[in-house]
Structures are given as structure tokens and as C-alpha cells.
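Heads up, the thing below is written out as C-alpha cells.
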Amino acid sequence: MSKNLTSRAEDYSKWYNELVVKADLAENSAVRGCMVIKPYGYAIWEKMQAELDRMFKDTGHVNAYFPLFVPKSLFEAEEKNAEGFAKECAVVTHYRLQNDPDNEGKLRVDPEARLEEELVVRPTSEAIIWNTYKGWIQSYRDLPILVNQWANVVRWEMRTRLFLRTAEFLWQEGHTAHATKEEAWEETKLINNVYATFAENFMAIPVIQGLKTESERFAGAEETMCIEALMQDGKALQAGTSHFLGQNFAKAFDVKFTNKEGKQDFVWATSWGVSTRLMGALIMTHSDDKGLVLPPNLAPYQVVIVPIYRNEEQFEKIAELSNEIIDNLKERGISVKFDKRDTLRPGAKFAQHELQGVPLRIAIGPKDLEDETVELARRDNLSKQTVILDRLSVVVEDLLEEIQENLFNKALEFRNSHITEVDDFESFKKVLENKTGFISAHWDGSAETEQKIKDLTKATIRCIPIDSAEEEGSCVYSGKPSNKRVLFAKAY
């Protein structure tokens with residue numbers, strides 16, 4: 001199966017598109033710009049969801065659900081937010097279909113069924129949620145509100161790519177309300193840390209935490225924090241964002257509370273989210289020319305057992321041993337699949353599991369039964385070893401931890417070797433075209449310079465790293481004074 005994959009060196013974009021489909025993760029749907037997430041791909045997303053949901057709840061957040069539709073008048077209440085998303089909105093104008101009198105058996109929109117007010121299909125939920133919060137908040141005793149929603153959103157996209165950019169996608173969006181500016185800012189930082197921890201500990205993806213520039217901020221935010229990752233082709237990918245909204249939405253929706261001093265004040269807000277775009281990040285960070293490579297912490301099953309037999313008697317003995325192995329591994333919290341399909345030969349099964357990135361593969365044949373051993377194959381480095389049955393559970397547990405760590409270290413080494421400091425624009429362009437990756441350079445802080453660099457090179461400021469030290473220098477493009485380096489890159 002993997003032999004049919006285009007190599008990354010030949011065409012990285014084509015390799016990615018083929019891999020998503022051939023590994024059975026997702027496919028394009030009959031609805032233009034929308035995708036079908038297939039069971040194997042959805043199983044990975046479910047594991048992401050479960051871990052993030054646990055992390056949110058561990059930090060005091062609860063889940064709720066809000067409507068898919070937002071009345072246009074509510075959507076446009078916060079002007080910057082409305083303006084930022086206006087061109088991406090799908091809009092419902094009618095509420096009924098009818099038989100088409102001119103085309104038998106066909107339907108048309110009933111011209112008499114126009115809505116009194118158009119409904120926007122949510123591109124994000126701040127408007128409907130803050131309109132709701134107005135009824136929930138009267139006093140400081142009602143704060144903070146720490147709510148998260150797992151949902152789908154629609155942002156009309158003309159040029160789509162599975163997981164990375166689709167018209168409809170799945171995500172979580174947190175929307176919190178606070179009594180003070182300091183509390184809201186601490187929440188913004190807390191969630192960005194949660195995202196970074198998840199990316200590094202579960203996705204095995206090293207990320208850089210930072211602040212977005214004004215032009216790259218979420219529409220309606222006063223500050224946007226982010227985690228930025230680097231893909232194998234040297235392009236950056238924004239893996240998550242956490243927004244400090246100030247009092248903008250509270251003012252737009254007149255959400256006030258009585259503070260401890262008995263005075264009326266507007267509520268302070270945050271919003272934050274990650275989406276199925278994380279699936280794209282996972283694929284592009286670790287996978288190779290043979291297919292998907294999954295970190296054990298997110299693999300739908302961490303171990304697959306493939307029996308090799310010539311007759312039913314051999315299969316029964318191997319199946320009996322496999323069930324014992326499965327029980328032992330499950331006791332250690334390890335997920336296992338016994339691939340007993342009789343429609344594929346062992347070699348075809350090996351190829352499929354390699355393509356789908358299963359971290360460890362156990363092969364058991366008649367000779368293994370005699371020797372009381374199994375063959376164990378790693379997906380991350382394609383190495384094989386023979387393991388005696390008595391030690392199998394311990395070896396598997398240790399190897400899964402080693403694979404998780406190895407994938408992170410490999411990605412970290414690549415990321416660190418692709419952060420290049422430059423001090424002049426010619427070097428900037430050369431690195432961007434030849435080496436790629438993040439470019440650490442001085443910027444004069446102006447939107448004009450930022451836009452000019454983007455126009456000339458297609459590179460954007462990915463973030464101002466939060467651990468960036470003060471350093472006097474000159475802007476890489478304008479030569480004007482600068483006191484800090486920022487990270488530029490071409491991005492998805």
C-alpha cells in the first residue's frame with residue numbers, strides 16, 4: 001500500500017493528500033469543501049478529545065452546548081468580530097422547501113418562506129454565548145464562568161485540504177467570564193499552557209508559545225496567545241490559540257455585574273480553541289514515505305498482533321496465545337488489536353498497519369509457539385526484535401514509552417535545527433527559500449513592515465515568543481530600531 005505513496009521529497013503536498021486517504025483517515029464528501037472523517041481518523045480525534053477534555057475539567061472547566069445558528073443582529077454586535085468573519089459566513093435565509101412546479105420531482109426554496117432575520121451558521125460562538133451570558137451574570141458571585149463547548153463550525157473556504165482547511169470542521173471552543181482583567185489574562189495563559197502540554201506530551205510535537213501581532217490576532221481580541229509547530233516541509237502550523245478578549249464582548253452585549261464594592265462593571269472575557277487541524281499537524285510532523293507514524297499516546301490501538309499460520313489447528317493455538325497476551329497488555333492499560341482477518345495474507349496486513357502507523361506489531365507463527373517467542377516490530381524506526389513471551393508485557397510497555405519520547409525528540413531536533421537567526425533581508429529570503437523553517441529576526445513593530453515582508457516573501461510573523469529576551473537590534477526589512485526578535489515562517 002505504501003509503495004503507491006508519493007514521496008515527501010517528490011511532492012510533500014501530494015504525499016499528505018494521498019496519505020490521509022490511503023491511511024483511511026478522511027475523504028472528500030459530496031458537499032464541496034467538507035470532509036468525511038472515517039472511523040480510523042475519528043478514533044484518533046476521539047483520543048485527542050478525551051485527553052483535552054480531561055485537562056479542561058482538571059482546571060475547573062465544564063462543558064455546555066450552544067446553538068449552531070446565530071441571528072445576524074447578534075453576530076454583528078461586536079464589530080471587529082463580525083468584520084473579521086463576515087466573508088467566511090454561511091447564511092440561512094429561508095426556512096422551507098417546496099415542490100418545484102416547473103420541474104417535476106424536484107424541490108425549490110419557497111419564496112414565501114423567507115426568514116424575518118437571517119441566521120449565520122456559527123463560524124465561532126462568541127456572539128450567541130455572550131448574549132446568553134447576559135442572563136447568567138448579575139453579581140461577582142456568578143463569576144467566573146468557565147465553559148467549554150465541543151462543536152462544529154463553518155467557515156466558507158474556497159481552497160480546501162483535508163483536516164487543514166475545510167468549510168466545516170470540528171473543534172472545541174472555551175468561553176470564560178471573569179471579574180477582573182488579571183483573572184482573565186491568567187486564564188488566557190493557563191489554557192495556552194494546557195495546549196502546549198497536550199501537544200508535547202500526547203502529540204509528541206514541540207511547540208513555541210507566543211503572542212500574535214495585532215494584524216494576526218483573533219477578530220475582537222486584545223491579545224492572542226498561540227502555540228506554533230513546525231512541519232517536516234519547513235512550514236509552520238498554528239496548532240492552538242487562546243484569546244484575551246478584554247471587555248469588548250461584554251460591552252457589545254451589555255454584560256455587567258455588581259462587583260464586591262457594590263459598583264457595576266463590565267465582565268472580562270477569554271475564548272480559546274483547537275480543532276481537527278491538529279490531525280493535520282500530527283500527520284505532517286511524524287509520518288514518513290511508508291505512511292502514518294502515530295505517537296502511542298494517541299494511537300487508536302498501540303499494538304497489533306498478526307497471526308501467521310498454515311492451517312486451522314495452528315491458528316487456534318496462536319489465537320489462544322494471543323488472547324493471553326492481550327489480557328496481559330490490557331492489564332497494563334495498553335490497547336491491542338488481534339488481526340484475525342482471513343481475507344488478507346500476513347504481508348498485506350503488515351503493510352496496512354505500517355501505513356496506518358500502529359506503533360508496535362507482534363507477529364506470531366508456528367515456530368514462535370515452539371520457541372515461546374514473538375517478533376516485535378517498531379513503526380517509528382522500522383526495527384525488529386525477537387522477545388521471549390515471559391518478558392513481552394514489560395518490553396512492550398517500555399517500548400511504547402520509548403517510541404513516544406523518540407518521536408518528540410526527533411521532531412524537537414528538526415525544529416531546533418530549523419530556527420535560524422538572520423539580520424538582513426537578503427539572508428532572510430535565502431533561508432526562507434533554501435532552508436525553510438522559522439526565521440528569528442528583528443521587526444520594527446509596524447503593520448506596514450509586517451505586510452511588506454508578507455507581500456514580498458509570503459512569510460508571516462508566526463509569533464512573538466513569550467520567552468524572547470530583550471535584545472537591541474535593527475528591523476530585518478526597514479532597518480529601524482527593534483528590541484526583540486520575532487519568528488517568521490511560511491505557514492499553513
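Run the accessible area of the stretch 1-146 with a 1.4 Å probe and give the carbon-and-sulfur part as a rounded percent. Walk me through the intermediate numbers first.
Numbers: 4210 of 8480 Å².
Looking at the stretch 1-146 in its full context, I get 50 percent from C and S.
Note the full-extension length gain between residue 435 and residue 235 as 0.36 nm times their separation in residues minus their Cα-Cα distance, in nm to one decimal.
Using 0.36 nm per residue and subtracting the Cα-Cα distance, I get 70.9 nm.
Using r as the Cβ-Cβ distance of residue 320 and residue 90, and R0 as 56 Å, what FRET efficiency do you calculate, to the nearest 0.05?
On the way: r = 55 Å, r/R0 = 0.99.
Here the calculated transfer efficiency is 0.50.
Thinking of the stretch 1-48 as a set of Cα atoms, what percent of all their pairs are more than 13 Å apart? Walk me through the numbers on the way to the answer.
Details: 689 of 1128 pairs.
Roughly 61 percent, once rounded to a whole number.
Whose amide H sits under 5 Å from the amide H of residue 169, counting only residues 5 or more places off or on another chain, with H placed in the peptide plane?
153, 155
As an exercise, take the mean of 1/r over every pair of distinct alpha carbons in the chain, invert it, and state the Kirkwood radius in angstroms.
Details: mean 1/r = 0.0395 Å⁻¹.
For the chain, the Kirkwood estimate is 25.3 Å.
List the trypsin sites (Lys or Arg not before Pro) in the stretch 432-492 that DSSP assigns to loop (not H, G, I, E or B) and whose Cβ has at most 13 other Cβ atoms within 10 Å. Which are they?
458
Using a 1.4 Å probe on the protein chains only, how many percent of the accessible area of the stretch 197-283 belongs to carbon and sulfur?
Details: 1010 of 2580 Å².
Reported share for carbon and sulfur atoms: 39 percent.
In degrees from 0 to 90, rounded to the nearest 10, what is the angle of the helix 312-331 Cα long axis to the longest principal axis of the chain?
That works out to roughly 40 degrees.
For the stretch 242-301, which trypsin sites (Lys or Arg not before Pro) are in a loop by DSSP, counting at most 16 other Cβ atoms within 10 Å? Provide the component values of the computation, followed by the final result.
Numbers: sites: 251, 256, 260, 263, 277, 290; in loops: 260, 263, 290.
Passing both the DSSP loop test and the Cβ count: 260, 263.
May I ask you to derive the relative contact order of the chain, considering only C-alpha pairs under 8 Å and at least 6 residues apart, and to give it as an integer percent? Intermediate values should be presented prior to the final figure.
On the way: 967 pairs, mean separation 67.9, N = 492.
About 14 percent, as a whole number.
Give the range of the longest stretch in the chain that excludes all GluC sites (Glu not before Pro) found in loop regions by DSSP and having at most 13 other beta-carbon atoms within 10 Å. Each step should come with its number before you reach the end.
Working: sites that count: 10, 104, 112, 261, 372, 470, 471, 472.
Within the chain, the longest run free of exposed GluC sites (Glu not before Pro) spans 113-260.
What nm distance separates the two modelled labels at residue 186 and residue 370, each placed 7 Å from Cα along Cα→Cβ?
6.8 nm
If you average the C-alpha positions of the stretch 106-173 and of the stretch 402-467 separately, how far apart do those two centres end up, in angstrom?
34 Å
Taking residue 458 as the anchor, which aspartates and glutamates have their alpha carbon closer than 12 Å to its alpha carbon, excluding any fewer than eight residues away along the same chain?
Correct list for residue 458: 433, 450.
Multiply the residue gap between residue 312 and residue 335 by 0.36 nm, knock off their C-alpha separation, and tell me the result in nm, one decimal place.
Full extension of this stretch gives 5.7 nm more.
What is the Å³ per residue value for the convex hull set by the Cα atoms of the stretch 1-104?
On the way: hull volume 28.0 nm³, N = 104.
That works out to 269 Å³ per residue.
Taking residue 340 as the anchor, which lysines have their alpha carbon closer than 28 Å to its alpha carbon, excluding any fewer than eight residues away along the same chain?
3, 22, 38, 47, 290, 317, 330, 349, 367, 384
So what is the accessible area of the stretch 207-315 per residue, in Å², with the probe set to 1.4 Å?
Working: 3400 Å² over 109 residues.
Dividing the accessible area of the stretch 207-315 by its residue count gives 31 Å².
When ligands, DNA and RNA are left out and all protein chains stay put, how many square angstrom of accessible area per residue does the stretch 73-168 have with a 1.4 Å probe?
59 Å²
So how much slack lies between residue 446 and residue 110, counting 0.36 nm per residue of separation and subtracting their Cα-Cα distance, in nm? All intermediate terms of the calculation are to be shown ahead of the outcome.
Values: separation 336, 0.36 × 336 = 120.96 nm, distance 5.10 nm.
Extending this stretch completely gives an extra 115.9 nm.
For a Förster distance of 56 Å, can you work out the FRET efficiency between the beta-carbons of residue 328 and residue 156, rounded to the nearest 0.05? Display every interim value, and only then the final one.
Details: r = 51 Å, r/R0 = 0.91.
So, using R0 = 56 Å, E works out to roughly 0.65.
Would you kindly calculate the translational diffusion coefficient of the stretch 345-480, applying Stokes-Einstein with the Kirkwood radius from alpha carbon pairs, for 37 °C and a viscosity of 0.692 mPa s, and quote it in µm² s⁻¹ without decimals? Kindly include the intermediate steps, with their values, before the conclusion.
Numbers: Rh = 19.2 Å.
Estimated diffusion coefficient is 171 µm²/s.
With bins 10 Å wide starting at 0, give me the P(r) of the stretch 405-457 over every alpha carbon pair, in whole percents.
It works out to 22, 44, 23, 10, 0, in whole percents.
Quick one: P(r) of the stretch 182-255 from all Cα-Cα pairs, 10 Å bins, percents rounded to integers, in order of increasing distance.
Whole-percent P(r) values from 0 Å outward: 20, 44, 27, 8, 1.
With the cut-off at 18 Å, tell me which of the pairs 80/484; 57/134; 181/260; 87/454 have Cα atoms farther apart than that.
Working: 80/484 28 Å; 57/134 24 Å; 181/260 15 Å; 87/454 21 Å.
Violating the 18 Å Cα-Cα cut-off are 80/484; 57/134; 87/454.
So if the hydrodynamic radius of the stretch 192-232 is defined as the Kirkwood radius over C-alpha pairs, what does Stokes-Einstein give as its diffusion coefficient at 4 °C and 1.567 mPa s, in µm² per second?
Numbers: Rh = 11.0 Å.
Estimated via Stokes-Einstein, D reaches 117 µm²/s.
Between residue 30 and residue 344, what FRET efficiency follows from the Cβ-Cβ distance if R0 is 41 Å, with the result rounded to 0.05? Walk me through the numbers on the way to the answer.
Details: r = 30 Å, r/R0 = 0.72.
Result of the calculation: an efficiency of 0.90.
Quick one: in the stretch 214-277, what % of C-alpha pairs are over 17 Å apart? Before the final figure, lay out the partial values.
Values: 1100 of 2016 pairs.
Counting pairs separated by more than 17 Å, the tail of P(r) holds 55 percent.
The values are calculated or read from the model by the stated rules, or taken from the named source; none is laboratory data. Nothing here was measured: the structure is a model prediction, and the numbers come from that model. In this analysis, Cβ positions are derived from the backbone assuming ideal geometry, glycine residues included, and neighbour counts consider all displayed protein chains. The protein model used for the area step is the full one, side chains on, heavy atoms only, and it has no ligands, DNA or RNA in it. Shrake-Rupley method; radii C 1.70, N 1.55, O 1.52, S 1.80 Å.
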